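The values are calculated or read from the model by the stated rules, or taken from the named source; none is laboratory data. This structure is a prediction, so every number in the text was calculated from the model and none was measured. Cβ coordinates were reconstructed from backbone atoms using ideal geometry, including for glycine residues, and neighbour counts include every protein chain displayed. Surface accessibility is based on the protein's heavy atoms, side chains included, excluding ligands, DNA and RNA. Shrake-Rupley method; radii C 1.70, N 1.55, O 1.52, S 1.80 Å.
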Amino acid sequence: MRVVIAEDSVLLREGLTRLLTDRGHEVVAGVGDGEALVKTVAELADAGRLPDVVVADVRMPPTHTDEGVRAAIALRAAHADLGVLVLSQYVEEQYATELLAGSSRGVGYLLKDRVADVREFVDAVVRVAQGGTALDPEVVAQLLGRSRKQDVLAGLTPREREVLGLMAEGRTNSAVAAQLVVSHGAVEKHVSNIFLKLGLSQSDADHRRVLAVLTYLNS
């Protein structure tokens with residue numbers, strides 16, 4: 001897996017680089033601002049060396065507001081096959097919604113605290129690089145919470161809402177079953193009911209199912 005890291009904290013950038021390289025992945029570049037991120041990825045793409053995934057901080061110089069997420073959105077528009085995982089100090093719902101607009105294929109949004117769980121973080125980077133989805137549980141909770149206020153999920157049972165939240169994090173049916181300690185068949189039934197009640201067509205690909213759910217929740 002080829003990775004570009006965009007983080008203005010040199011210490012954190014070097015730490016992320018070490019985490020990934022120690023597990024056999026290649027960090028092809030590390031930059032400290034959004035402009036440099038877009039330029040670096042463009043240069044790599046022109047050289048036929050487009051990375052598999054970009055890991056970027058939401059807030060970077062010069063204003064430390066939304067440079068990182070803006071760069072991530074621009075990169076997703078320019079390079080459809082590029083995975084983008086953004087890191088944030090806390091949940092910023094607007095940025096999460098903007099990042100998920102369109103297609104959630106190869107997209108992730110994690111809180112920086114999640115990096116402390118090395119295995120979970122690396123798994124998320126790999127999943128996004130492979131075209132999957134990785135959303136922090138706190139992000140999902142806020143999106144679901146907003147949707148409940150709008151009665152979007154009124155027709156779902158408590159268990160179906162629980163399954164939906166785990167799906168939105170990017171978990172497979174098997175992972176959901178393990179988390180809830182239920183059978184794989186039970187999860188499949190819940191998933192079918194969720195799509196039926198929300199009026200969403202099913203798909204064999206997990207990231208497409210997540211896309212359908214999140215698109216509906218964000219509408």
Study note, to complete from the structure: The extension gain from Ala42 to Ala77, computed as 0.36 nm times the residue separation minus the Cα-Cα distance, is 11.4 nm
Revision key, fill the gap. Counting only protein heavy atoms and rolling a 1.4 Å probe, one gets per residue an accessible area for segment 83-130 in Å² of 42 Å²
Point to revise | Residues of segment 29-43 with amide N under 17 Å of the 7 Å Cα→Cβ point at Thr63 | key: 33-36
Point to revise | Sum of side-chain charges, Thr17 neighbourhood, beta-carbon under 12 Å (Lys, Arg +1; Asp, Glu -1) | key: -1
**Study point:** Label-point separation, Asp117 to Gln142 (7 Å along Cα→Cβ), nm
**Key:** 1.8 nm
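Considering only protein heavy atoms and a probe of 1.4 Å, how much of the accessible area of segment 1-132 is carbon and sulfur, as a whole percent? Walk me through the intermediate numbers first.
On the way: 2920 of 5910 Å².
Percent of accessible area from carbon and sulfur atoms in segment 1-132: 49.
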Review point. Using modelled amide H (1.01 Å from N, peptide plane; none on Pro or chain starts), what sits under 5 Å from the amide H of Gly108, excluding residues fewer than 5 places away?
Key: Val84, Leu85, Val86, Ala134
Practice item. Give the calculated FRET efficiency between Arg49 and Ala175 to the nearest 0.05, with a Förster radius of 41 Å applied to their Cβ-Cβ distance. Key: 0.80
